[in-house]
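Trainee: Pasting a structure below so you can have a look.
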Amino acid sequence: AFKKQFASPLDKTSMVVIIADVIKESPPGLSSRRILGIFSSHLKAIDHNDGLDDILSGPSGLLRANLLKILLAAAKLTIRCDALDIKKLYQPGVNEAEVAKSVVADVIQTLTTLTRFQHIMWNPNSFDCSLKGVSVETLSILCEALDVLVKTMDLVKHGVKSDTFDVAVMMSRYLVSTMFQAGSPPAKPGAPIEHDTWKTFPLPNEWQTDFERKLSLKAYNLCVACCVSAFSGWEKEEFSVDKLRSRDDEANFFGVAFANRRVVGFLSEEIISSISQQWQRVQTMLPNLESLDFETHLDRRKEAGWYQKIIDSAAQQRGNVSTFGEDDGIKSLLSFSMLCLITADAKKNQRSQGDFLNLSMSILLPITQFIIDKHVWTSNIGAETKNEKDEVEFYLDKNYQWLGQTKTTKVVQFQSAPKPTVREPPQQQRQKQKAISSQIPKPSAARRSPRISNLIKVPTSVLLDEWSKDESAKQSNAAEAERAMKKLDSAMKTLRKSRTLNALEQSSLDVSAALIDVAATEECYNPFLCLQQAAMYAELGSKLGSNDEPFKKCIPSKDKCTPLEALVILGRADCLRAIHFLQEAQYLCSWVISVCRLHRDRQETTFLWDDRWRVIGVLCYITKATIDQSGEALYNNNKSALTLRKWEDGAHEEANRGKSDALILVGTGSGEVECEMPQVEVAAYDSIATPGNDLFMLNESQNEDGRGSQNENELVAGSFDFNQLGELPVPVIEDVQMDGEYGGIQVVGI
């Protein structure tokens, strides 16, 4: 854009754009009205000659971008000049009526501009519910305009015609319904609500229309988005953990808690002050209603340990948690709520008064419940039911609270204060070093001795042939496949541009996640190859920290899980294992194993067993064995700090069955394999020859002396240098039955 500005001829529009860029972030001054006149006259001339609608609705170009920039700058400057004029109302001898008329007229003009060009200024991304820069700036202008209008109406009780205020309120209502996805207000008013019957909390919610219900939902989503950076407040559906998406900026924060079967969080002091003022006004309008001591409830919340920790963590965030202007969204809704309260208070007609009061309460109630954690109404918006335990397990601790950032470069362990250093004589130091060295176990004792294994080669072509037998399972979605391929193409281009190690590691993880998305589509010719490559690229990424974010997805219910979904989950588990998230990988693998057992069980008539599920059974065995051996390798190399959980008994049984399925697929028995494959002795974990590409490697277990195992069900894999899908180096595999908890795995951050 900078280059285009200098390459284009310097006309009047370009000069006005330069002025707009200069004053964009500058506070309004004495010359602001003159500059505003320049903007206004230039836009009027363009509109008269060429038509602003035609230019702004046309294809993207420099002229369109410049005019849009001027239009937004003029609207913002108008509102900020009005904010200065409001301060004159506090001065003695000022004609309040004239000032108020001028301010309200400017606000109406700004709202008219936003309404006229809303299809250009307001375009949320329908794919990920994000907002572009123009939309965020438009929301900011609406927020400031409504704030100025509220302050003017609150300060000036008389002197302005009521119909002028009514026009401003109606335009505000229209913009709120459009930008906040609430739909059109009902054409005919519903039955009048007896607000005098509201006496105690929680208040009912049956009085809400569909418009008011959507408004409440949007208010709640915006509140959550101010505390959760990975969630967009512009989602059309209610917040749930499966709606979280990784963002490109530095902020990554999860600041909501699940307590008392409600989702609660925190908001800024400015927002809290506005809510407190509105409840005071509500109490005067509804004298029969139980007094809501908002300040007391809020102070009690602030004293909670969780609240203190979450506020401290939020202060440490580098970026803005509300990524897409959600804070301005809440302020806009609260200003509209106050506008409705002021209008309701001024209305004499009881029905009109009730309608505006309902609009205000539809915004005020969900935000209040979110902040003070009090059951103030009976609506299920904000209830915990949409965030079940199995969905939030990776995001929250055992108390359903996440106390801090989700992106960390290091796991900090609390340690006792270091002891003072005491200098010792050289002779005593040598004696201590000798004693310590005598206690260090020899390498042969610290590591498991190498094993000798016979390998069973299962080419991916065999798995693909077995997988492709069931063509009826395919559900084509060309649009989703095209979107996944574009994402992969973009990730690969970013990877090629990497010039630093950190950039290479991050880009590799992005490519890995994109490959998994490609494998998740039925249009993918060879999903096994995609998942194989995904694990390879994941291995190149940095370990631990927040690098598991790209692989966090919501898992389906077990009765609806398809073989393709199970395959993708195993692929994610392998990628998590590659970046040392072993417990998460174990959880996903265990989940797929449990689903596979249901399909294999003949008594479960609703779960069918077919060729694709047979392939899943084989991969369950491989994934389980790989996770176990990865954990053992990390333990041996002292790279881990968390214990790998004990596998369920059914997991070992299912792994044995998966091994048998592998033998069936390759068409050999264990005896044939003994003759077919030579015995290969593996010297050490770090010096392993890489097997051929495009092969899944299974094994028949043997004892350390080279003889076959006496227990036919024991699964022991030798030391291979490849991943579960064939190519990437992975640790030595050993899958054995364990008595009691396995206390070997430790995981630390990097």
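Trainee: With the structure loaded, tell me whether VAL104 is closer than 23 Å to SER274 by Cβ and touching a residue at least 40 places away in the same chain (Cβ under 8 Å) or whether it fails that test.
Mentor: For VAL104, the condition - closer than 23 Å to SER274 by Cβ and touching a residue at least 40 places away in the same chain (Cβ under 8 Å) - is met.
Trainee: If I ask for residues that are open to solvent by less than 20 Å² (accessible area, probe 1.4 Å) and closer than 17 Å to LYS486 by Cα, which ones from the stretch 532-560 would you list?
Mentor: Within the stretch 532-560, just ALA534 meets the criteria.
Trainee: Also: Would you confirm whether any residue within the stretch 495-507 is part of a loop (DSSP other than H, G, I, E, B) and either aliphatic (A, V, I, L, M) or under 16 Å from LEU464 (Cα atoms) (or both)?
Mentor: No: the stretch 495-507 contains no residue that is part of a loop (DSSP other than H, G, I, E, B) and either aliphatic (A, V, I, L, M) or under 16 Å from LEU464 (Cα atoms) (or both).
Trainee: Return the pair list, or none, for Cβ contacts closer than 6 Å from residues in the stretch 186-205 that are loosely packed, with under 13 Cβ neighbours inside 10 Å and part of a loop (DSSP other than H, G, I, E, B) to residues that are modelled with pLDDT of 80 or more and among the polar types (S, T, N, Q), at least 6 apart or on different chains.
Mentor: PRO186/THR209; LYS199/ASN288; PRO204/THR378
Trainee: Please indicate, with yes or no, whether at least one residue in the stretch 310-320 is among the charged types (D, E, K, R), farther than 30 Å from VAL107 by Cα and within 30 Å of the chain's Cα centre (by Cα).
Mentor: Looking through the stretch 310-320, at least one residue is among the charged types (D, E, K, R), farther than 30 Å from VAL107 by Cα and within 30 Å of the chain's Cα centre (by Cα).
Trainee: Being over 23 Å from ILE664 (Cβ atoms) and crowded, with 24+ Cβ neighbours inside 10 Å is the filter here; which residues of the stretch 583-627 pass it?
Mentor: Selection gives ALA585, GLN586, LEU588, ILE627.
Trainee: Then there is this: Given the structure, is GLY37 open to solvent by 20 Å² or more (accessible area, probe 1.4 Å) and under 21 Å from SER135 (Cα atoms)?
Mentor: So GLY37 does not fit the description; no.
Trainee: Does the stretch 236-250 contain at least one residue that is within 13 Å of the chain's Cα centre (by Cα) and in a strand (DSSP E or B)?
Mentor: no
Trainee: Name the helices (runs of 4 or more DSSP H) wholly within the stretch 50-141 that hold at least 2 residues that are under 23 Å from ARG173 (Cβ atoms)?
Mentor: By residue number, 62-86, 96-116, 118-121.
Trainee: Take the stretch 121-162 and flag every residue that is more than 28 Å from ALA100 (Cβ to Cβ), surrounded by 15 or more Cβ atoms within 10 Å (Cβ to Cβ) and modelled with pLDDT under 90.
Mentor: PRO124, CYS129, SER130, LEU131
Trainee: Quick check: anything in the stretch 94-109 surrounded by 14 or more Cβ atoms within 10 Å (Cβ to Cβ), among the basic types (Lys, Arg), under 23 Å from PHE39 (Cβ atoms) and out of contact with any helix residue (DSSP H, G or I) (no Cβ under 6 Å at 6 or more places or on another chain)?
Mentor: yes
The values are calculated or read from the model by the stated rules, or taken from the named source; none is laboratory data. Keep in mind it's a predicted model, so treat the numbers as computed, not measured. Here Cβ is always computed from backbone atoms with ideal geometry, including for glycine, and neighbour counts include all displayed protein chains. Just so you know, the surface numbers come from the protein's heavy atoms only, side chains and all, with ligands and any DNA or RNA stripped out. Shrake-Rupley method; radii C 1.70, N 1.55, O 1.52, S 1.80 Å.
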